[in-house]
Amino acid sequence: DTQNISMIFGFQPNENFNIYGGPVYQSVKGSVSLRGRAYSLYNGYDANMKESSDIGWLAGAAFQIPDIALKASVTYRSEIEHDVNSSESITIADNLSSLTPGQLGGLLASLGPSGAALAPVLQQALIANAQEGKTKITTPQSVNLDFQSGIMANTVAFANLRWVNWKDFSIRPYKFGQVSEVVGKLPQVNRPNGFNLVEYSDDQWSATVGVGRKLSEQWAGNVSVGWDSGAGNPVSTLGPTEGYWNVGLG
């Protein structure tokens, strides 16, 4: 969950141009619970990321011709970095840590050759699970392009184009990441640098276009259609949207 407050200051040197910018205050917090055999070692994983806040910025420029109701603007919003205190629990590691060395050895011996291969990995995972640290979350940068223009009496066309840099976004909670670097060294996993809890493969693009019309002195209406690319495929349970179309009436 994120909450944002943008404080925007602008300057208009003439009737056609505006420049603006200002700080963005953002808070972020989150929780996740993974359940099911599909999550393998992380079945039973819980994380509670406590609320953290930090500052970013935005800046933009706008051009307008009032006589024809033309307005165009481009706005850039920076990424914002957070260091979040996280409370994490990995059920299988917690359960293994409660076993005595003899009990753990017996469990691994019962697995035969695979148990012998897993022994050093589980030992390292237990050490990693006992560590504590902060989770780094960097919310993505974005660009918005807005445009509208009169196309006939009492009628305007409008469009919005938005880009969000989700490809460079990821969440790797501290304890989750420490264990992933251990598990990732297994040949069947082959991710020696570990892996993330959440990540996306593509940037997100979205567009909305529409028409608005003044119907009387009191009433106006609009219709629009929009498209969103999503943030890559395949999707996951923590990023379940590949993209969508939408229509709107106002």
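The values are calculated or read from the model by the stated rules, or taken from the named source; none is laboratory data. Here the structure is a predicted model, which means the values were calculated and not measured. Every residue, glycine as well, gets a Cβ built from its backbone with ideal geometry; the counts of neighbours run over all protein chains shown. When the accessible area is computed, the model is the full protein with side chains, heavy atoms only, and any ligands, DNA or RNA have been set aside. Shrake-Rupley method; radii C 1.70, N 1.55, O 1.52, S 1.80 Å.
Residue-by-condition table, conditions (1) closer than 20 Å to PRO13 by Cβ; (2) of a type outside the set (Gly, Ala, Ser):
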site	(1), (2)
ALA38	no, no
TYR45	no, yes
ILE55	no, yes
LYS71	yes, yes
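Residues in the range 200-234 that are touching a helix residue (DSSP H, G or I) at 6+ places or on another chain (Cβ under 8 Å) and in a strand (DSSP E or B): GLN204 only.
Residues checked against (1) under 37 Å from the mean Cα position of the chain (by Cα); (2) modelled with pLDDT under 70; (3) outside any strand (DSSP E or B):
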site: GLY105; (1), (2), (3): no, yes, yes
site: ALA117; (1), (2), (3): yes, yes, yes
site: ILE127; (1), (2), (3): yes, yes, yes
site: GLU132; (1), (2), (3): yes, no, yes
site: VAL143; (1), (2), (3): yes, no, no
site: LEU161; (1), (2), (3): yes, no, no
site: PHE176; (1), (2), (3): yes, no, yes
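Per this entry, VAL156 is not counted among residues that are more than 22 Å from the chain's Cα centre (by Cα) and within 30 Å of ALA130 (Cα to Cα). For LEU41, state whether it is crowded, with 16+ Cβ neighbours inside 10 Å, in a helix (DSSP H, G or I), touching a residue at least 40 places away in the same chain (Cβ under 8 Å) and out of contact with any His (no Cβ under 6 Å at 6 or more places or on another chain). Yes: the conditions hold for LEU41.
Return yes when LEU197 is surrounded by 12 or more Cβ atoms within 10 Å (Cβ to Cβ), under 30 Å from GLN131 (Cβ atoms) and touching a helix residue (DSSP H, G or I) at 6+ places or on another chain (Cβ under 7 Å) and no when it is not. Spelling it out, LEU197 is indeed surrounded by 12 or more Cβ atoms within 10 Å (Cβ to Cβ), under 30 Å from GLN131 (Cβ atoms) and touching a helix residue (DSSP H, G or I) at 6+ places or on another chain (Cβ under 7 Å).
When VAL182, VAL189 are checked against the criterion of being open to solvent by less than 60 Å² (accessible area, probe 1.4 Å), part of a loop (DSSP other than H, G, I, E, B) and not polar (S, T, N, Q), a single residue qualifies: VAL189. GLU51 falls short on exactly one of the conditions (1) surrounded by fewer than 17 Cβ atoms within 10 Å (Cβ to Cβ); (2) without any contact (Cβ under 8 Å) to a residue 40 or more places away in the chain; (3) in contact with a Phe, Trp or Tyr (Cβ under 8 Å, 6 or more places away or on another chain), and that condition is (3). For GLY243, the test of being free of Cβ contacts under 8 Å to residues at least 40 places away in the same chain and open to solvent by less than 40 Å² (accessible area, probe 1.4 Å) is passed.
Okay, residues lined up against (1) surrounded by 12 or more Cβ atoms within 10 Å (Cβ to Cβ); (2) at pLDDT below 95:
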{"site": "ILE8", "(1), (2)": "yes, no"}
{"site": "PHE11", "(1), (2)": "no, no"}
{"site": "ALA47", "(1), (2)": "yes, yes"}
{"site": "ALA61", "(1), (2)": "yes, no"}
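Inside the range 63-88, can you point out the residues that are open to solvent by less than 40 Å² (accessible area, probe 1.4 Å) and in a strand (DSSP E or B)?
Applying the first criterion (open to solvent by less than 40 Å² (accessible area, probe 1.4 Å)) to the range 63-88 yields 69-70, 72-73, 75, 78, 80, 82, 84, 86, 88.
Those that are open to solvent by less than 40 Å² (accessible area, probe 1.4 Å) and in a strand (DSSP E or B): LEU70, ALA72, SER73, THR75, ILE80, HIS82, VAL84, SER86, GLU88.
Would you confirm, using the coordinates I've provided, whether GLY212 is over 25 Å from the mean Cα position of the chain (by Cα), open to solvent by less than 60 Å² (accessible area, probe 1.4 Å) and farther than 17 Å from VAL28 by Cβ? Considered against the rule, which asks whether it is over 25 Å from the mean Cα position of the chain (by Cα), open to solvent by less than 60 Å² (accessible area, probe 1.4 Å) and farther than 17 Å from VAL28 by Cβ, GLY212 comes out as yes.
Working only within the range 1-16, note down all residues that are assigned to a strand (DSSP E or B) and under 30 Å from ALA47 (Cα atoms).
To start, the set of residues in the range 1-16 that are assigned to a strand (DSSP E or B) comprises 2-6, 9-11.
Across the range 1-16, the qualifying residues are THR2, GLN3, ASN4, ILE5, SER6.
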